[in-house]
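The values are calculated or read from the model by the stated rules, or taken from the named source; none is laboratory data. In this text, all values refer to a predicted model and were calculated from it rather than measured experimentally. Note that we place each Cβ from the backbone using ideal geometry, even for glycine, and neighbour counts take in every protein chain shown. Note: accessible area is taken over every heavy atom of the protein model, side chains too, but ligands, DNA and RNA are not part of it. Shrake-Rupley method; radii C 1.70, N 1.55, O 1.52, S 1.80 Å.
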Number of protein chains: 2
Amino acid sequence: MPLRKLLEKIRIVLIHTSHPGNIGAAARAMKTMGLSDLCLVNPKSFPDEQANVMASSAEDVLAHAQVVDTLEEAIADCHWVFGSSARHQRSLAWSLLEPRDCAQESIRIISQQGGQQGNLQGKVALVFGRESSGLTNEELALCNQLVHIPTNPDYSSLNIASAVQILAYECRLAARDWMALDKSVLEDSTSELVNAAELEAYLNHLEKAMVRSGFLDPEKPRHLMARLCRLYGRLGMTRSELKLLRGMLVAFEKC
Amino acid sequence: MPLRKLLEKIRIVLIHTSHPGNIGAAARAMKTMGLSDLCLVNPKSFPDEQANVMASSAEDVLAHAQVVDTLEEAIADCHWVFGSSARHQRSLAWSLLEPRDCAQESIRIISQQGGQQGNLQGKVALVFGRESSGLTNEELALCNQLVHIPTNPDYSSLNIASAVQILAYECRLAARDWMALDKSVLEDSTSELVNAAELEAYLNHLEKAMVRSGFLDPEKPRHLMARLCRLYGRLGMTRSELKLLRGMLVAFEKC
């Protein structure tokens with residue numbers, strides 16, 4: 001699957017943007033990173049010559065941009081909505097993601113929603129508020145999670161196209177890294193966690209190997225098994241990770 | 001040490017910028033991430049009202065900007081110089097870093113040059129070429145390493161201020177992580193969690209044992225190390241747990 005397929009499932013939503021130049025600059029930022037789905041909620045002026053100028057050669061993104069009246073319309077077909085938030089909204093009862101985590105989460109959501117292989121159905125929206133005042137409480141309420149770009153606390157005035165640029169950059173990296181993972185790792189993120197019986201079977205196997213190697217003396221067990229049980233127990237291991245550890249153990253035993 | 005102390009050792013150098021608005025936007029991008037050292041090599045028009053407009057409230061960065069005639073002057077007191085490069089320069093015999101690695105490397109250089117504690121002497125320059133044509137071969141020859149921002153191969157036309165924004169963002173994250181790492185190492189003696197270096201040493205040991213046992217084929221690594229790194233990385237292992245795992249590995253190797 002080409003990178004593009006993943007990235008085209010990420011929608012950038014700009015709410016009530018005042019300066020059409022910012023819309024153009026955002027379109028350019030998107031296109032440099034391979035994003036193409038732009039939705040404008042009630043922009044002050046669009047289409048606008050200033051937007052075209054700032055878009056440079058990303059006018060196709062502008063040409064395909066949807067223009068809608070409300071955020072509800074913009075996100076209607078999205079499975080997950082991230083709202084971009086300034087620091088002062090930290091006081092709200094929200095968990096704030098960083099761009100990197102937001103991007104990885106987006107790619108995960110998009111790929112998980114793909115029922116059939118190569119047939120991605122998931123869609124994620126990244127929502128950016130007004131240049132001056134960000135997102136309203138009503139708009140925040142429509143978001144599933146907030147993302148905050150770490151900035152200089154003395155001057156956090158990121159231009160909106162710059163904010164889009166950073167998020168789009170992280171999305172590209174996340175999509176690329178996702179594609180670079182091999183299938184078994186891929187299964188990792190989606191496969192089930194091991195249950196207690198599977199974990200115990202592994203620990204029994206490990207115990208036997210330790211006894212055989214002389215590391216564990218059944219006469220003086222030094223609480224080794226209890227400690228390993230606690231260590232692996234808190235890991236939240238997936239099936240494929242357990243398979244890996246078991247394979248490694250078998251290989252060590254054969255030496 | 002405040003984050004600012006690290007970030008002020010990173011100089012952004014813009015060479016022969018044509019559009020003064022880009023200089024202002026770059027200054028704004030820098031300030032949002034806590035960078036303050038801007039040097040302009042032979043700008044087409046500076047000072048310029050358009051630069052001030054685009055700088056928004058980052059006019060102090062412009063006010064303190066140095067203006068020089070040559071790249072040599074701009075980097076004279078820098079310990080390391082990164083040149084920002086477009087993809088087509090990949091053909092040159094250069095190792096291209098990504099922004100994340102470049103930022104981490106910058107912070108490492110800056111902090112290593114600090115002879116006395118808290119007295120940072122290291123300085124790093126990130127050099128950006130002309131909007132149209134990038135860096136000349138003569139300018140490239142003055143750089144120690146090149147950094148390339150991954151972009152859409154069909155449209156890699158990053159605005160220069162956007163490129164500055166991404167690099168500055170990565171520098172801020174790298175500086176923050178560096179400071180957090182420092183702290184966790186200090187706190188280590190009380191919490192007894194292993195640090196990154198100790199974990200890496202264990203993973204290296206494990207890797208060798210896996211290769212020896214035939215489980216890991218260096219020709220077909222199957223991302224095994226990446227998966228184990230993630231698995232053990234999220235554990236938050238204590239020193240005594242690591243000691244246990246290491247002892248077990250040594251015992252298995254002796255079999």
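Structural remarks
- Whether segment B:192-254 is rounded, prolate or oblate, judged on the alpha carbon gyration tensor where a/c under 1.5 counts as rounded: oblate
- Computed over neighbours whose Cβ is under 13 Å from that of A:Arg11, the net charge equals -2, Lys and Arg +1, Asp and Glu -1.
- Mean per-residue shielding of peptide B:242-253 is 4, counting Cβ atoms of other chains within 10 Å of each Cβ.
- Other residues with beta-carbon under 14 Å from the beta-carbon of A:Cys171 carry, at +1 per Lys or Arg and -1 per Asp or Glu, a net charge of +3.
- For the residue pairs A:Lys243/B:Lys243; B:Lys5/B:Lys44; B:Lys5/B:Lys123; B:Lys44/B:Lys123; A:Lys9/A:Lys44, the alpha carbons lie more than 19 Å apart in A:Lys243/B:Lys243; B:Lys5/B:Lys44; B:Lys44/B:Lys123; A:Lys9/A:Lys44.
- Rounded to the nearest 20 debye, dipole of chain B from Cβ charges on Lys, Arg, Asp, Glu: 960
- Computed with a 1.4 Å probe over protein heavy atoms only, the accessible area of A:Val53 comes to about 90 Å².
- Label-point distances for A:Lys220 to the equivalent site in the other copies, using a point 7 angstrom along Cα→C-beta, read 4.4 nm when ranked shortest first.
- Each copy carries B:Gly236; placing its label point 7 Å along the C-beta direction from Cα gives inter-copy distances of 1.1 nm, listed from smallest up.
- If you take all other residues with their beta carbon under 9 Å from the beta carbon of A:Val61, and give Lys and Arg +1 and Asp and Glu -1, the sum is -1.
- About the Cα centre, charge dipole magnitude for the protein assembly as shown (Lys/Arg +1, Asp/Glu -1 at Cβ), debye: 1740
- Averaged over its residues, segment A:3-180 has an accessible area of 41 Å² per residue, based on protein heavy atoms and a 1.4 Å probe.
- Taking only protein heavy atoms and a 1.4 Å probe, the accessible area of segment B:192-254 is 56% carbon and sulfur.
- Exposed GluC sites (Glu not before Pro) absent - longest run of chain A, DSSP non-H/G/I/E/B, at most 10 other C-beta within 10 Å: A:1-191
- Order of exposure, largest accessible area first, which applies to B:Met179, A:Met33 with probe 1.4 Å: B:Met179, A:Met33
- Each of A:Arg234, A:Arg212 has its accessible area taken with a 1.4 Å probe; listed largest first, they run A:Arg212, A:Arg234.
- Nearest-10 value in Å² for the accessible area of A:Thr136, using the 1.4 Å probe: 50
- Per-residue surface analysis assigns B:Ser156 an accessible area of about 70 Å², computed on protein heavy atoms at 1.4 Å probe radius.
- Whole-number percent relative contact order across chain B, with pairs defined as alpha carbons under 8 Å at least 6 apart: 21
- Gaussian network model of chain B, springs between alpha carbon atoms under 10 Å - residue of B:Ile23, B:Ile166, B:Ile12 with greatest fluctuation: B:Ile166
- Take the accessible area of B alone and of A alone, subtract that of the pair with a 1.4 Å probe, and the total buried over both chains is about 5200 Å².
- Inter-copy label distances for B:Val68: 5.1 nm (label point placed 7 Å from Cα along Cα→Cβ; shortest first).
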